[in-house]
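We did not get these values from a lab; they are worked out from the coordinates using the rules stated. Here the structure is a predicted model, which means the values were calculated and not measured. Reconstructed Cβ throughout: ideal geometry from the backbone, glycine too, with neighbour counts over all protein chains shown.
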Amino acid sequence: MIKVHCFVSCVCEIIKRTPGVDHRPFYFGVWDADFSLSERYRISYHSEHTGHEFFKTWYELLYGIRIHEWYDRAASKAENLEHLITLVETRAEHRHIMVMLDLYHLPERENKFNQNPFPHYVMLQATEDPEEWLMLDPDFRWEGRLPKDQILNAVAQPTVAGGFYFDGIDITHSSADTIRAYFAQCMKREANPLTDAVRQMIRAHIAGENDLTLSDLNLAMRELPVLSIRKYAYEHAFAWFYEALSLPWDEFEDWCDVIELLVKTYRLIQYRSMKMVMTGDVSQAAELYQLLDQQDNTEFRIKNGLQSLFEDWSRRSLQLSAHPTVTERTETCR
């Protein structure tokens, strides 16, 4: 299973465990999900303005589940910690409690991106031991017990603030009309925001905008690997459409190779930018711009292929709704 976005992975966990309901369409919103580009042209997957309103709205529309924000940004950190403790220790069986913590402060956990800070959403449950909580981290496919105090310390860091809960009851099947509307909202056919941002960052550092120096580019690019893996969300979409349309899976594997090229080329761009910073040779930017143009070509190819599949699926779903099968007509008559 592909893990590309911690908030989305948390809320999709209950969907995955519900028979007859498919979590994969929700990933339509991930490949071009919002990110932050600061005045210093530093790219970040999270900022104080990140609220996930888009995902919260569409989660309810697709699956009938309302996501509630329990974290009060107007309250103190101590007050929010007390609220979290109450939520976890009085949790009903169907309730799922999410919190943002700084994963850097949990050395027991893997920090594959070497991020400090490392804002990350997980889900928490109490255990029979009052000194331990169960942490569920769908994004890293990790589940285990940790000391309650260590978890609270990671939540208490000034680098993080956020928390939600949702109830895993009355989950609804996503209608074809809602999926169509969601796909239309997510698909940016005329732009690739991440590639556009990286191109803008390189130009700004070379030109010295806002008193930037070339050496600042390494820090500005630091979170690019975290953002680039969001592109794996395309695989969820292709898999869903190929299954819905009963298409040959060898073609799907071909698309996976194209998506892998897209992700790996972002890594190559970061390495080449580091080389340019190390040598101070800005003429190497020409190669970077060439790679970014290649990224645009690759991603537009992916988007066009996905759009074509979406249109085929949409036509078929509309035909099925207009001409129900004998079984569907019988069920309707009952």
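Please order PHE35, PHE54 by the number of other Cβ within 10 Å, starting at the fewest. Please list the in-between numbers first.
On the way: PHE35 19, PHE54 13.
So the ranking, lowest neighbour count to highest, is PHE54, PHE35.
Among LYS231, LYS77, rank each residue by its count of other Cβ atoms within 10 Å, from fewest to most, as a rough exposure measure.
On the way: LYS231 24, LYS77 13.
With the fewest neighbours first, LYS231, LYS77 line up as LYS77, LYS231.
Once phi is turned into θ = phi - 60°, what whole-Hz ³J(HN,Hα) does the Karplus curve with 6.51, -1.76 and 1.60 give for every residue of the range 89-95, x standing for Gly and Pro?
Here the 3J(HN,Hα) series is 7, 10, 5, 6, 4, 8, 8 Hz.
Sorted from largest to smallest, which semi-axis lengths in Å does the alpha carbon gyration tensor of the chain give for its equivalent ellipsoid, taking the root of 5 times each eigenvalue? Could you put the intermediate results ahead of the total?
Numbers: eigenvalues 235, 198, 49 Å².
So the equivalent ellipsoid measures 34, 32, 16 Å along its semi-axes.
Take the residue pairs LYS56/LYS188; LYS148/LYS188; LYS148/LYS264; LYS16/LYS303; LYS77/LYS188; LYS77/LYS275 and return only those whose Cα atoms are more than 31 Å apart. The partial results should precede the final answer.
Details: LYS56/LYS188 20 Å; LYS148/LYS188 42 Å; LYS148/LYS264 38 Å; LYS16/LYS303 25 Å; LYS77/LYS188 38 Å; LYS77/LYS275 41 Å.
Beyond 31 Å: LYS148/LYS188; LYS148/LYS264; LYS77/LYS188; LYS77/LYS275.
Rank these for me by crowding, SER314, SER273, SER76, SER228, going from fewest to most other beta carbons within 10 Å.
Fewest to most other Cβ atoms nearby, the residues stand as SER76, SER314, SER228, SER273.
What is the magnitude of the charge dipole of the range 188-322 about its Cα centre, with +1 placed on the Cβ of each Lys and Arg, -1 on the Cβ of each Asp and Glu, and no other charges, expressed in debye to the nearest 20? Present the calculation step by step, with values, prior to reporting the outcome.
Values: 15 positive and 21 negative charges, 50 e Å.
For the range 188-322, the charge dipole is close to 240 debye.
Dipole size in debye (nearest 20) for the range 17-132 around its Cα centre, Lys and Arg Cβ +1, Asp and Glu Cβ -1?
Values: 12 positive and 20 negative charges, 99 e Å.
With Lys and Arg at +1 and Asp and Glu at -1, about 480 debye.
Could you give each residue of the range 248-259 its phi-based ³J(HN,Hα) in whole Hz, using Karplus coefficients 6.51, -1.76, 1.60 with θ = phi - 60°, and x for Gly or Pro?
Values, residue by residue: x, 6, 5, 5, 4, 4, 4, 5, 4, 5, 5, 5 Hz.
Quick one: Karplus J couplings for the range 150-164, per residue in order, coefficients 6.51, -1.76, 1.60, θ = phi - 60°, nearest Hz, x for Gly and Pro?
Whole-Hz 3J(HN,Hα) from phi for the range 150-164: 5, 5, 5, 5, 5, 6, 6, 4, x, 7, 9, 6, x, x, 9.
Round to the nearest 0.05 the FRET efficiency obtained for GLU39 and VAL263 when R0 = 41 Å and r is the Cβ-Cβ distance. Don't skip to the answer; put the middle values down first.
Values: r = 28 Å, r/R0 = 0.68.
Plugging the Cβ-Cβ distance into 1/(1 + (r/R0)^6) gives 0.90.
Would you work out which of ILE14, LEU101, LEU292 lies farthest towards the positive end of the dipole of the chain, given +1 charges on the beta-carbon of Lys and Arg and -1 on that of Asp and Glu, about the Cα centre?
Positive-most Cα among the choices belongs to LEU292.
Hey, in the GNM for the chain with a 10 angstrom Cα cutoff, which one of MET278, MET201, MET98 fluctuates hardest?
Most flexible of the set in this elastic network: MET278.
Based on the mean of other beta carbon atoms within 10 Å per residue, what is the order of 175-183, 240-248, most packed first? Before the final figure, lay out the partial values.
On the way: 175-183: 16.1, 240-248: 14.4.
Packing proxy ranking, top to bottom: 175-183, 240-248.
For the range 188-322, what is the per residue volume of the convex hull drawn over the alpha-carbon atoms, in cubic angstrom? If you can, show how the numbers build up before the last one.
Values: hull volume 14.3 nm³, N = 135.
Hull volume normalised by residue count: 106 Å³.
Using helices alone, I'd like the mean residue ellipticity at 222 nm for the chain: each DSSP H run of four-plus residues gives -39500 (n - 2.57), total over residue count, nearest 500. Mind dumping the intermediate values first?
On the way: 12 runs with 167 residues, N = 334.
Calculated mean residue ellipticity at 222 nm is -16000 deg cm²/dmol.
Can you tell which of ASP34, ASP170, ASP293 shows the greatest fluctuation in a Gaussian network model of the chain with Cα springs below 10 Å?
ASP170
With only Lys, Arg, Asp and Glu charged, each at its Cβ (+1 for the first two, -1 for the last two), find how big the charge dipole of the chain is about the Cα centre; round to the nearest 20 debye. Walk me through the intermediate numbers first.
Values: 35 positive and 51 negative charges, 112 e Å.
Charge dipole of the chain: 540 debye, to the nearest 20.
Using only Cα positions of the range 6-167, each an equal point scatterer, no hydration layer, compute I(q)/I(0) via Debye at q = 0.15 Å⁻¹ and quote the log10 values to two decimals.
-0.85
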